[in-house]
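One structure is given here, and the rest of the page talks about it.
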Amino acid sequence: MTGRVRVEMRRSGGFTGRTAHVVLESARLPPAEAAELVRLVSAIDPGIVTSTATSAGADLMRYDLIIERGAQRWQGTVSDPAIPPQLRPLLQFLSRYT
(Lines give C-alpha, C1' and ligand atoms only; values in the text may rest on other atoms or scores of the structure.)
Protein backbone atom coordinates (compact mmCIF):
# COMPACT_ATOMS: atom_id res chain seq x y z
CA MET A 1 0.00 0.00 0.00
CA THR A 2 1.26 3.46 -0.80
CA GLY A 3 -0.09 6.84 0.08
CA ARG A 4 -0.57 8.99 3.10
CA VAL A 5 -1.32 7.48 6.50
CA ARG A 6 -2.17 9.47 9.60
CA VAL A 7 -2.88 7.90 12.99
CA GLU A 8 -3.93 9.61 16.19
CA MET A 9 -4.04 7.72 19.48
CA ARG A 10 -5.16 8.79 22.94
CA ARG A 11 -4.29 6.24 25.57
CA SER A 12 -5.80 6.40 29.04
CA GLY A 13 -6.22 4.19 32.06
CA GLY A 14 -3.66 1.90 33.59
CA PHE A 15 -2.60 1.81 37.21
CA THR A 16 -1.30 5.39 37.18
CA GLY A 17 -4.20 6.82 35.19
CA ARG A 18 -1.69 8.66 32.99
CA THR A 19 -2.95 9.71 29.58
CA ALA A 20 -0.85 9.87 26.43
CA HIS A 21 -1.53 11.39 23.05
CA VAL A 22 0.36 10.87 19.80
CA VAL A 23 -0.25 11.86 16.18
CA LEU A 24 1.90 10.30 13.45
CA GLU A 25 1.85 11.08 9.75
CA SER A 26 3.75 8.89 7.32
CA ALA A 27 4.79 11.94 5.31
CA ARG A 28 6.60 13.41 8.33
CA LEU A 29 8.44 10.28 9.49
CA PRO A 30 11.81 8.96 8.36
CA PRO A 31 11.33 6.55 5.42
CA ALA A 32 11.79 3.31 7.39
CA GLU A 33 9.38 4.38 10.13
CA ALA A 34 6.87 5.67 7.57
CA ALA A 35 6.98 2.32 5.77
CA GLU A 36 6.39 0.50 9.05
CA LEU A 37 3.42 2.73 9.93
CA VAL A 38 1.89 2.15 6.49
CA ARG A 39 2.46 -1.62 6.82
CA LEU A 40 0.85 -1.76 10.26
CA VAL A 41 -2.20 0.25 9.17
CA SER A 42 -2.57 -1.89 6.04
CA ALA A 43 -2.53 -5.06 8.17
CA ILE A 44 -5.62 -4.18 10.21
CA ASP A 45 -9.27 -4.59 9.35
CA PRO A 46 -10.85 -1.13 9.67
CA GLY A 47 -13.95 -2.73 11.20
CA ILE A 48 -12.08 -3.46 14.42
CA VAL A 49 -11.52 0.25 14.94
CA THR A 50 -15.04 1.50 14.32
CA SER A 51 -16.71 -0.19 17.25
CA THR A 52 -16.72 1.46 20.65
CA ALA A 53 -15.46 -0.65 23.51
CA THR A 54 -15.92 -0.06 27.20
CA SER A 55 -13.52 -1.26 29.82
CA ALA A 56 -14.63 -3.05 32.94
CA GLY A 57 -12.12 -1.38 35.25
CA ALA A 58 -10.39 1.94 35.65
CA ASP A 59 -6.95 0.29 35.62
CA LEU A 60 -7.46 -1.17 32.13
CA MET A 61 -5.95 0.60 29.13
CA ARG A 62 -8.25 2.34 26.67
CA TYR A 63 -7.18 3.50 23.21
CA ASP A 64 -9.14 6.10 21.24
CA LEU A 65 -8.00 5.94 17.63
CA ILE A 66 -8.40 7.94 14.45
CA ILE A 67 -6.86 6.28 11.41
CA GLU A 68 -6.68 7.94 8.00
CA ARG A 69 -5.45 6.08 4.95
CA GLY A 70 -5.71 8.15 1.80
CA ALA A 71 -9.30 9.41 1.66
CA GLN A 72 -10.57 6.77 4.13
CA ARG A 73 -11.04 7.55 7.81
CA TRP A 74 -11.90 5.30 10.76
CA GLN A 75 -12.48 6.28 14.34
CA GLY A 76 -13.19 4.18 17.38
CA THR A 77 -12.11 2.86 20.74
CA VAL A 78 -10.60 -0.40 21.90
CA SER A 79 -9.73 -1.39 25.43
CA ASP A 80 -8.13 -4.17 27.43
CA PRO A 81 -8.62 -7.03 27.62
CA ALA A 82 -10.52 -7.10 24.30
CA ILE A 83 -7.91 -5.51 22.01
CA PRO A 84 -7.89 -7.44 18.73
CA PRO A 85 -4.54 -9.20 18.18
CA GLN A 86 -4.07 -7.65 14.74
CA LEU A 87 -4.25 -4.16 16.29
CA ARG A 88 -1.65 -4.72 19.04
CA PRO A 89 1.45 -4.17 16.80
CA LEU A 90 0.10 -0.76 15.72
CA LEU A 91 -0.62 0.23 19.33
CA GLN A 92 2.90 -0.84 20.36
CA PHE A 93 4.41 1.18 17.50
CA LEU A 94 2.42 4.26 18.46
CA SER A 95 3.28 3.85 22.14
CA ARG A 96 6.97 4.23 21.33
CA TYR A 97 6.21 7.88 20.45
CA THR A 98 4.37 8.79 23.66
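The values are calculated or read from the model by the stated rules, or taken from the named source; none is laboratory data. A quick note: this is a predicted structure, and the numbers were derived from the prediction, not measured. Note: ideal-geometry Cβ built from the backbone for every residue, glycine included; neighbour counts use all protein chains shown.
Taking the options Leu87, Leu40, Leu94, name whichever one is of a type outside the set (Ser, Thr, Tyr), modelled with pLDDT of 95 or more and touching a helix residue (DSSP H, G or I) at 6+ places or on another chain (Cβ under 7 Å). Explain how you work it out, then say what you get.
On the way: Leu87 fails: modelled with pLDDT of 95 or more; Leu94 fails: touching a helix residue (DSSP H, G or I) at 6+ places or on another chain (Cβ under 7 Å).
Testing whether each residue is of a type outside the set (Ser, Thr, Tyr), modelled with pLDDT of 95 or more and touching a helix residue (DSSP H, G or I) at 6+ places or on another chain (Cβ under 7 Å) leaves just Leu40.
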Among residues of segment 46-81 being assigned to a loop (DSSP other than H, G, I, E, B), over 12 Å from the mean Cα position of the chain (by Cα) and surrounded by 13 or more Cβ atoms within 10 Å (Cβ to Cβ), the residue modelled with the highest pLDDT is Met61
